[in-house]
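These notes are about the structure you will find just below.
No lab work stands behind these numbers, since they all come straight from the coordinates. Computed from a prediction, not measured in an experiment: that's the story for all the values here. Note: ideal-geometry Cβ built from the backbone for every residue, glycine included; neighbour counts use all protein chains shown.
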Amino acid sequence: MSLHPGGAGHARWARAHAAAPPFDAPLLQVCDALELDRALAPPEEPITFADVGGLEDLKQQIRRRIILPFQKPSLFERFKRRAGGGILLYGPPGCGKTLIARATAGECDATCLSVSISDVLDMYIGESERKLSALFEKARSKTPSILFFDELEALAGSRRFSRNNESAKLVSAFLSEMDGFARNNSGVLVLGATNTPWAVDSAFRRPGRFDRVLFVPPPDREARASILSLHFCERPLTDDVDVQLLAKQTQGYSGADLEAVVDTAADIAIELSLDRADEVRISQQMLLDAVKDVKSTTAEWLSTARNHARYADAGGQYEEVLRFLDKHGKKGRG
């Protein structure tokens, strides 16, 4: 994903709004209804924070800011506060923003409605706004619910960088729906996830919209050990595999990076098995060799985020990144 503000999101928008042949409106309506049900189908197996290793600071913030208002609505209403609103999750790619969103829904005992770019963007003028409105209405009908937008910058990219009038219209429609939530809805939480929060239109961070911004860092040591153990499941391993040592050796790795490490070690074992005509198990040395081959992908993101935090941090919204880097170093050691 491009780190240039608005670049990736608006490129996807331009492709989605290419010229198209005439269409059959009734057929389109039927297809849209089917697509909406498919897009908003909740995950088959709900998960909770017990399924998310590490990240205790982040989980504590979410419990306090999101989960407790859902669990104790009368207390919060007494203080003129309510469940719902908007939360923006940001961080490096592959670090579990989607997993955190699903676990948050599980902790709230709420329906999690996950929305991808393709569920909204449409080649026909005005259809993207209509689809977006239908998604919000669906969420309102399923309270308590969490409406989760992944790659938010593709739908809510900064209008300063857009040359496409239709893209600006979609942003305005999105803002209108968020304002509708602030006025008329409770029990509905809108979660957005992005790798590039600086590319999201600044209007989304005003009160009543995505006014709460949470940093999802690279997994800490405990989380890395949990992720590695998950990927070891049902693979043939030698007895010398040391998960804790590997977790220590993979400082700054994302969840996707760790999966690549295990897959690379598995490929080594497969090649040896083919050469020897007998099964060779994945060993600690194979995994350590894989760590040398698979580099962390979070370093570039952290460097870019540091620059935004230092030189363009309106309202101090990226201070969590600086605190993380001060604690763990520029490579995200943990």
_Which listed residue, of Gly84, Gly96, is under 16 Å from Asn195 (Cβ atoms) and buried (at least 16 other Cβ atoms within 10 Å of the Cβ)_ = Gly96
*Considering only residues of region 282-322 that are among the aromatic types (Phe, Trp, Tyr) and in a helix (DSSP H, G or I), which is surrounded by the fewest Cβ atoms within 10 Å (Cβ to Cβ)?*
Tyr311
*Between residues in region 268-284 that are within 22 Å of Leu245 (Cα to Cα) and residues that are β-branched (Val, Ile, Thr) and part of a helix (DSSP H, G or I), which pairs lie under 9 Å by C-beta distance while being six or more apart or on different chains?*
Val280/Ile268; Val280/Ile270; Ile282/Val262; Ile282/Ile268; Ser283/Ile268
*Keeping to region 196-246, report how many residues are in a helix (DSSP H, G or I) and not aromatic (Phe, Trp, Tyr).*
20
